[in-house]
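Inspection log for the structure reproduced underneath, given as structure tokens.
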Amino acid sequence: MSTTVFVNTYTHSVTYVTDKLLTLIKNIIRLSGLNPGKLTQDWEVLERGIKTWLDTGDLEEVHLEVFNPNNDKLVGRWDFEIFYGFSADGAAFWLDPDVISYYIKKQGLWPGSCDYRIVVTNKPSRPDVLGWSKTTLRSTDGFVKQSIGTTIDGGGLTAGAGYWRKIS
Amino acid sequence: MTVIARRIKATPARSPSSAWSVIVNLLAPKAGSAARVELENIAGIASSLISDEAFRNSPAVVYGSGPRVRLYCLYDEEAISGENASESALSFVPTEGDWKMSLPCLAEDLGWVQEALKKKSSQITARDLATAVDDDECEAQQDAKNLGIDGEAFLNS
């Protein structure tokens, strides 16, 4: 885990958390046995949406939803819940990718035939962003969520991670 | 061999895609040029590499017909203060004529990044960030250009 401390603005916090959220999601996709190439095709749209909604305070959660394209059923899901805060002087910026790696190893790889998408949950007041449309998350029936705590801190603006695993 | 370096402010001063836009403007300033389109086409892949901080100590390298250009990114305090940033326009267009670009990449991402780049570009490749761009590779391209037959002179001899 690397920590950096400096004088901060909220815009820096938003840029940092957006950047690290996408990096973590990319790493989860790769470590779970899927190809992050699809994520990079949409990188600018994803970055634009997450950054805009963090800036307005409307972003509640970012989800990486993994599904079976043959039956459209959920295979697994990662959630990043946003907690709004801000610290200007001596703000600590850090990312903890190791804890994510630990839980990915614990739950094992997803089948290579799985597909994935990024979905966000926003407050109803959120502004529209080019490239984004409304959707509904797949059912989590038969799954249980495990929270693993804060994984990104951008000077008080933080993201806590959790993942859904199938009840065995 | 002449080498020119630029250091571009990235996270948290700029998002990775904004940092890549600065790089594209430096390398291919002419709107609609083939090189600019090619660089813009790989924006998502390049942004993910910038986001991984692969550009921190290992540069993207552009080489070909002119001086070699090395592009680094600045992160954290350095990005905010901008003290070591150098983003001024180049006095030449590095993507005019024959050019290639090598992007630094984390070893664990190299496989899918190379595969994704291959689908989108014939000029831009990725290398393990622990590996320097081979001087011979750049010079071989320059030599190949210099050794081209001057058709007019040949026919006139």
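The values are calculated or read from the model by the stated rules, or taken from the named source; none is laboratory data. Everything numeric in this text was worked out from a predicted model, so none of it was measured. Cβ: placed from backbone, ideal geometry, glycine included. Neighbour counts: every protein chain shown. Surface areas here come from the heavy atoms of the whole protein model, side chains and all, with no ligands, DNA or RNA. Shrake-Rupley method; radii C 1.70, N 1.55, O 1.52, S 1.80 Å.
Quick notes on this structure:
- Residue by residue, the stretch A:63-74 carries 3J(HN,Hα) couplings of 10, 9, 9, 10, 9, 8, x, 6, 10, 6, 8, 5 Hz when phi is fed to the Karplus relation 6.51 cos²θ - 1.76 cosθ + 1.60 (θ = phi - 60°); x denotes Gly or Pro.
- The A and B chains share an interface that buries close to 1900 Å² of accessible area, total over both sides, probe 1.4 Å.
- Choice from A:W53, A:W94, A:W43 with maximal GNM fluctuation in chain A (Cα, 10 Å cutoff): A:W43
- Distance (nanometres) between label positions extended 7 Å along Cα→Cβ at A:K73 and B:M1: 5.6
- Summarising the amide proton neighbourhood of A:R138: residues at separation of 5 or more, or on other chains, whose placed amide H is nearer than 5 Å comprise an empty set.
- Neighbourhood net charge (9 Å Cβ-Cβ; Lys/Arg +1, Asp/Glu -1) for B:S86: +1
- Nearest-0.05 FRET efficiency for B:S81 and A:F83, computed from C-beta distance (R0 25 Å): 0.35
- 15 Å reach of a label modelled at A:S125, 7 Å along Cα-to-Cβ, counting backbone N of the stretch A:23-55: A:53-55
- Projected label distance in nm at B:F92 and A:L109, using a 7 Å step from Cα toward the beta-carbon: 4.7
- Probe 1.4 Å, accessible area per residue of the protein assembly as shown, Å²: 46
- Within the same chain, aspartates and glutamates fewer than 8 places from A:K106 are excluded, and of the rest, those with a Cα less than 15 Å from its Cα are A:D98.
- For the options A:G155, A:G131, A:G33, a Gaussian network treatment of chain A with springs between C-alpha atoms closer than 10 Å singles out A:G131 as fluctuating the most.
- Solvent-accessible area lost in complex, 30 Å² minimum, residues of the stretch B:1-33 relative to chain alone, 1.4 Å: B:T11, B:P12, B:S15, B:S17
- Net charge of the neighbourhood of A:V120, taken over other residues with C-beta under 10 Å away and scored Lys/Arg +1, Asp/Glu -1, is -2.
- Rounded to whole numbers, the Karplus 3J(HN,Hα) couplings from phi for the stretch B:55-63 are 8, 5, 10, 10, x, 6, 10, 10, 9 Hz, using 6.51 cos²θ - 1.76 cosθ + 1.60 with θ = phi - 60°, and x at Gly and Pro.
- Here the stretch B:3-131 exposes an accessible surface that is 45 percent carbon and sulfur, computed with a 1.4 Å probe and the other protein chains kept in place.
- Amide hydrogen neighbours beyond the local backbone of B:K9, cut-off 5 Å, H modeled: B:L74
- When the charge dipole of chain B is built from unit charges on Cβ atoms (+1 for Lys and Arg, -1 for Asp and Glu) and taken about the Cα centre, the candidate among B:Y63, B:L39, B:L103 whose Cα reaches farthest toward its positive end is B:L39.
- Nearby lysines by direct alpha-carbon distance to B:K9 (threshold 20 angstrom, same-chain neighbours under 8 apart not counted): A:K20, A:K51
- Each Lys and Arg adds +1 at its Cβ and each Asp and Glu adds -1 at its Cβ; summed about the Cα centre, the protein assembly as shown shows a dipole of about 980 debye.
- DSSP-defined beta bridges in chain B - what % are antiparallel, rounded to 5: 40
- Other residues with beta-carbon under 13 Å from the beta-carbon of B:S21 carry, at +1 per Lys or Arg and -1 per Asp or Glu, a net charge of 0.
- For the stretch A:151-159, Karplus couplings with θ = phi - 60° (6.51, -1.76, 1.60), whole Hz, Gly/Pro x: 10, 9, 10, x, x, x, 7, 10, 10
- Residues whose amide H lies under 5 Å from that of A:F86, counting only those 5 or more places away or on a different chain, are absent; hydrogens are built 1.01 Å from N in the peptide plane.
- Helix A:97-107 vs. chain A, principal-axis angle (Cα, 0 to 90°, nearest 10): 10
- Residues within the reach of a label modelled at A:V5 (point 7 angstrom out along Cα to beta-carbon, backbone nitrogen below 14 Å), restricted to the stretch A:74-102, are A:88-94.
- Nitroxide proxy distance, nm - points 7 Å out along Cα→Cβ at B:D128 and B:S65: 3.4
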